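The values are calculated or read from the model by the stated rules, or taken from the named source; none is laboratory data. This one's a predicted model, so the numbers in the text were calculated from it and none came from an experiment. Heads up, the Cβs are rebuilt from the backbone with ideal geometry, glycines too, and the neighbour counts pull from every protein chain shown.
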Amino acid sequence: MLITSYMNYTSIARFASLLLAIGFFYACSSSSPTVKTLVDQGQYDEALIQIDQQLEANPDQPELYIQKGELLLDLASIETVENRAEYYTEALDAFTNAKSFDLSTSQISSIDNQVNDTWVSELNTGTDLYENNDENNRIELAIAHFDNAIKLNPYEATAYLSKSVALYNSNNLDAALENLNEARGTLDDVPDRLYEYLGFLHLQNNNAEQAIFYYELANTDITSNKNIAFGLVNIYIQNREREKAIDVLEKLSNEFPQDARIKNVLGTQLFFITEGILNDLSDAYITNDLTLVDQLKFESEGVGEQAEEELINAVEIESTNQEFIQSLAVFYNNLTGMYLSLSEIAPNDDKSNYSIKAETLIGLAIQYYEKLASLNPGDAEITSSIEMLKHLQSNRFSE
């Protein structure tokens, strides 16, 4: 009886062991596939879900965070360019979480290399699209790549600079400025080149003061670059800030002494200053402010002579440039009229001096209009100007 019971017990035990073994085998065979298996099968969403579930159950698994980041980078690479940003954000978050653990040097290096390689790919692809802009949507696509590069590494200036160029050349000046201002507020070390770009964009936006501010931050000598300097001069002239224009032009003239255009523009702006002084002088005569008269006479002589000198130098450097010759002819013509007007209201001593000066000036005006006529035979407008001046000369100054 005892033996029979023991045998039954043994059989039951073996059966139970068999069931246990079968149960274990069944459990293993029906468990969820590994993340690697899901990835190999292209089931990326399922792989991410499984990673998140495992991290929720046990967040102390840096390898899973790394795996998640790598998977998200892979997913981004097969997504459209415009829709990659979310994947990049999540990938960076995953890598950041992984780095909060005590990772090995090789693990950290692997993460950094993967992110950097992706950043380089986005930047280079955007640059290639921009430089080979043979389709209408290429610039927009290039900008999307630059945006992705910024997302991957917001503390590196290159993508911001590239994006600003693309935006500017797609006629989106405000967005280009906004992009660079964002970079300026984000970067730990703002490069001089970014300040130069800001200076240039403000220059294109007709904001001379901001342009100069950023060029100075970039340690850029604006007078060493004629394009930048002339841009500033044009803005000053448009805003009637002639003194500021003259200040830049005088520096340019010293830097480029053989540039005839600089001298011509400088002479022209000095003439406008002279014109203003002579108008004030006329008012001073009318109000009989003799102290102011003496001051303005002195100023008008000095500025006027400087204007004349610059205009003459321009013609001497480029003797056949019709624009420069005409500028000098008009200068003498206009000054003739101003001094004739002053001779009408000035006291006798000054009246005589102004009349003599006007006579000299009208002769010079005729001389340069005739030189202009020799380069433009038959030009009716030039011929008419010469005839008018000679008629005035005959009526006012012939004995």
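The condition (being modelled with pLDDT under 95, surrounded by 16 or more Cβ atoms within 10 Å (Cβ to Cβ) and closer than 30 Å to residue 89 by Cα) is satisfied by just one residue among 162, 170: 170. Taken over region 45-63, the residue count meeting the criterion of being surrounded by fewer than 16 Cβ atoms within 10 Å (Cβ to Cβ) and more than 26 Å from residue 102 (Cβ to Cβ) is 2.
Scanning region 188-199 for residues that are in contact with a helix residue (DSSP H, G or I) (Cβ under 6 Å, 6 or more places away or on another chain) and not in a helix (DSSP H, G or I) yields a total of 1. Within region 376-399, the set of residues being assigned to a helix (DSSP H, G or I) and charged (D, E, K, R) comprises 381, 387, 390, 396. The residue that is surrounded by the most Cβ atoms within 10 Å (Cβ to Cβ), counting only those in region 317-359 that are of a type in the set (Ser, Thr, Tyr) and more than 49 Å from the chain's Cα centre (by Cα), is 354.
Name every residue in region 303-316 that is surrounded by 19 or more Cβ atoms within 10 Å (Cβ to Cβ), farther than 10 Å from residue 271 by Cβ and of a type in the set (A, V, I, L, M, F, W, C), in order of residue number. Within region 303-316, 314, 315 meet the criteria.
In this structure, is residue 290 more than 36 Å from the chain's Cα centre (by Cα) and at pLDDT below 95? Here the answer is yes, as residue 290 does meet what is asked. Would you please name the residue that is farthest from residue 92 (Cα to Cα), looking only at residues in region 64-82 that are crowded, with 17+ Cβ neighbours inside 10 Å and aliphatic (A, V, I, L, M)? If we take residues in region 64-82 being crowded, with 17+ Cβ neighbours inside 10 Å and aliphatic (A, V, I, L, M), then 81 is farthest from residue 92 (Cα to Cα). Going residue by residue through region 217-224, is there one that turns out to be of a type outside the set (Ser, Thr, Tyr), at pLDDT 90 or above and over 23 Å from residue 328 (Cβ atoms)? Yes: region 217-224 contains one or more residues that are of a type outside the set (Ser, Thr, Tyr), at pLDDT 90 or above and over 23 Å from residue 328 (Cβ atoms).
Listed by first and then second residue, the pairs linking a residue in region 271-282 that is part of a helix (DSSP H, G or I) and of a type in the set (Asp, Glu) to a residue that is modelled with pLDDT of 95 or more and crowded, with 19+ Cβ neighbours inside 10 Å, with Cβ atoms under 9 Å apart and 6 or more places separating them unless they lie on different chains, are 275/335; 275/338; 280/296; 280/300. Among the residues that make up region 210-218, is at least one of them in contact with a Phe, Trp or Tyr (Cβ under 9 Å, 6 or more places away or on another chain), free of Cβ contacts under 8 Å to residues at least 24 places away in the same chain, outside any helix (DSSP H, G or I) and surrounded by fewer than 15 Cβ atoms within 10 Å (Cβ to Cβ)? No.
Just so you know, in region 236-252 the residues that are not in a loop (DSSP other than H, G, I, E, B) and not charged (D, E, K, R) include one that is nearest to residue 273 (Cα to Cα), and it is 246. Among helices (runs of 4 or more DSSP H) entirely within region 67-178, having at least 3 residues that are over 25 Å from residue 49 (Cβ atoms) singles out 105-131, 138-152, 158-169. Does residue 185 qualify as being part of a helix (DSSP H, G or I), at pLDDT 95 or above and surrounded by fewer than 18 Cβ atoms within 10 Å (Cβ to Cβ)? Yes. When residues in region 349-375 are screened for being closer than 15 Å to residue 327 by Cβ and either among the acidic types (Asp, Glu) or outside any helix (DSSP H, G or I) (or both), 0 of them pass.
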